[in-house]
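To start, the structure under review is shown below, and the notes come after it.
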Amino acid sequence: MAMNAFPAVKKCASIGREKHTVVADMDGTLLIGRSSFPYFALVAFEVGGVLRLLFLLLASPLAGLLYYFVSESAGIQVLIFVTYVGMKMSDIESVARAVLPKFYSSDLHPESWRVFASCGKRCVLTANPRIMVEAFLKDFLGADMVLGTELGTYRGRATGFVCKPGVLVGKNKADALQKAFGETKPDVGLGDRHTDIPFMAMCKEGYIVPPKPEAKAVTSDKLSKPIIFHDGRLVQKPTPVMALLIILWIPIGFLLAFLRIAAGSLLPMPIVYYAFWVLGVRVTVKGTPPPPVKRSTGKSGVLFICSHRTLLDPVFLSTALGRPIAAVTYSVSRLSEIISPIKTVRLSRDRATDASMIKKLLQEGDLAICPEGTTCREPFLLRFSALFAELTDQLVPVAMVNRMSMFHGTTARGWKGMDPFYFFMNPSPAYEVVFLNKLPPELTCSSGKPSHEVANYIQRLIAATLSYECTSFTRKDKYGALAGNDGTVVEKPKLAANKVMGC
């Protein structure tokens, strides 16, 4: 049966299919892109590092030759072997859950999704390893069943080979569909290439998804649930060209990051702003910050309430003010302690202890706090802890925005000690610091306002400034979604009193 025997997917009706079953291929069908290389590259880099990404890039020409001139299965097998051999299955699952959904969702085909989402029962048949795609398909596309290639394992690690019947292409897809559905025929089959014809012929209706690389991907609000949390170091999808650029840039970027960090740590704060500009770090300051409080007046310092984008937020706040501002923190590494140009103090998560410590710090001068308790990359603000509102009425909201073109400066799964390096490894990272007006006394707890109302008001104020959306999610929700834990940091031995830092 030829591909032209099937109509294009745009001719498929999507009304009245609530009781229908749809079976769809993934690459080139549900996704606009026909190549799975970027997603293998993401796994290679996130689990195996830059060397594994390099090996995958070097093997990709061989995979392409086999794919187009020998068999689709052979080419995919090369990608699977080079990417996965020796990896812990738990690491692969972690990347599939925390990293890949963001990239998959940005490539969702509008016509295929229209049909897929309209059906009551949804199944995906894919040549990709099932472990790699299942979390995204079930959690964000509402798939009921995912049939994919199964990886061979030994003692919890991938062998690089696949289990029988092999890579799920051509007849193997049809056999898998037959095994899953028996004599029942699915109502709709969606595919994009000739190796999809065997399973599409088994469906009551079959539709071809023609190549359309210029198609505009489905927006995230159309998904079963929004992607608020995601992890991974790479900002852009690592196509072969982008993967090559990343590999070539990393040694240059690391040296540049070292220089930028040294400038921020060693130079006097009033000139750090200008040093950053010389080194390609852009800092934009908006609004009018309050003047520093003189300790001789006996007044309490100002508490800067910052939205949380990276652990560098207090550093760039200090850069914008031209003076070091102490910060209370919870989750930074010991390496970040060493290179920090500002004083940071550990939160204990004991309410009474933290309240006493923050009050003491405010008596010494201005202080910065990020009441979300953890970072969020997307245009959302997490729930603000209300403790800060009870401790002072000198509250200045600060909206923080950053821009990274190559690497993310945050992680939930990896080593946080590399966060500053990855941020400064970007060719031209940028921060925007927006100072909002100090809260009038009648909007603070000193006028009888409950602390949670003050916290929620500041959250809404910052969100409106940034055009972000407020949520009630917390640190526990983020780490549960990305790392499989509640985000609690194990207490470590305390440093000397003159060098107290967060971890």
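Structural remarks
- For the stretch 344-374, a tally of residues being crowded, with 19+ Cβ neighbours inside 10 Å and either among the acidic types (D, E) or in contact with a strand residue (DSSP E or B) (Cβ under 9 Å, 6 or more places away or on another chain) (or both) returns 14.
- When the stretch 328-338 is filtered for residues that are among the aliphatic types (A, V, I, L, M) and at pLDDT 75 or above, the ones remaining, listed by number, are V328, L335, I338.
- Any hit, the stretch 337-349, residues being in contact (Cβ under 8 Å) with a residue 60 or more places away in the chain, farther than 23 Å from K416 by Cα and touching a helix residue (DSSP H, G or I) at 6+ places or on another chain (Cβ under 6 Å): no
- Residue that is surrounded by the fewest Cβ atoms within 10 Å (Cβ to Cβ) [pool: residues in the stretch 112-154 that are in contact with a strand residue (DSSP E or B) (Cβ under 8 Å, 6 or more places away or on another chain) and among the charged types (D, E, K, R)]: D144
- Number of the exception - L248 against (1) without any contact (Cβ under 8 Å) to a residue 12 or more places away in the chain; (2) in contact with a His (Cβ under 7 Å, 6 or more places away or on another chain); (3) among the aliphatic types (A, V, I, L, M): (2)
- Consider the stretch 269-298 and keep the residues that are part of a helix (DSSP H, G or I) and at pLDDT below 90. The one that is nearest to the chain's Cα centre (by Cα) is R295.
- Among the residues of the stretch 449-463, those identified as open to solvent by 50 Å² or more (accessible area, probe 1.4 Å) and either among the hydroxyl-bearing types (S, T, Y) or in a helix (DSSP H, G or I) (or both) are H452, E453, N456, Y457, R460, L461.
- Every residue from the stretch 155-174 that is farther than 9 Å from P198 by Cα and either open to solvent by 50 Å² or more (accessible area, probe 1.4 Å) or aromatic (F, W, Y) (or both): R155, R157, F161, C163, K164, P165
- Any hit, the stretch 375-387, residues being of a type outside the set (G, A, S), under 25 Å from T288 (Cα atoms), touching a helix residue (DSSP H, G or I) at 6+ places or on another chain (Cβ under 7 Å) and surrounded by 19 or more Cβ atoms within 10 Å (Cβ to Cβ): yes
- Qualifying residue in the stretch 317-327 (condition: over 25 Å from the mean Cα position of the chain (by Cα) and at pLDDT below 90): no
- In the stretch 304-320, the count of residues that are open to solvent by 10 Å² or more (accessible area, probe 1.4 Å), in contact (Cβ under 8 Å) with a residue 40 or more places away in the chain, in a loop (DSSP other than H, G, I, E, B) and closer than 12 Å to D366 by Cα is zero.
- Tally of residues being within 15 Å of P420 (Cβ to Cβ) and of a type in the set (F, W, Y) across the stretch 299-336: 1
- Taken over the stretch 39-75, the criterion of being more than 22 Å from M26 (Cβ to Cβ), without any contact (Cβ under 8 Å) to a residue 60 or more places away in the chain and open to solvent by less than 60 Å² (accessible area, probe 1.4 Å) is satisfied by G48, G49, R52.
- Residue ID - most open to solvent (accessible area, probe 1.4 Å), chosen from residues in the stretch 251-297 that are of a type in the set (V, I, T) and touching a residue at least 12 places away in the same chain (Cβ under 8 Å): T288
The values are calculated or read from the model by the stated rules, or taken from the named source; none is laboratory data. Computed from a predicted structure; not experimentally measured. Every residue, glycine as well, gets a Cβ built from its backbone with ideal geometry; the counts of neighbours run over all protein chains shown. Heavy atoms of the whole protein, side chains included, go into the accessibility calculation; ligands, DNA and RNA do not. Shrake-Rupley method; radii C 1.70, N 1.55, O 1.52, S 1.80 Å.
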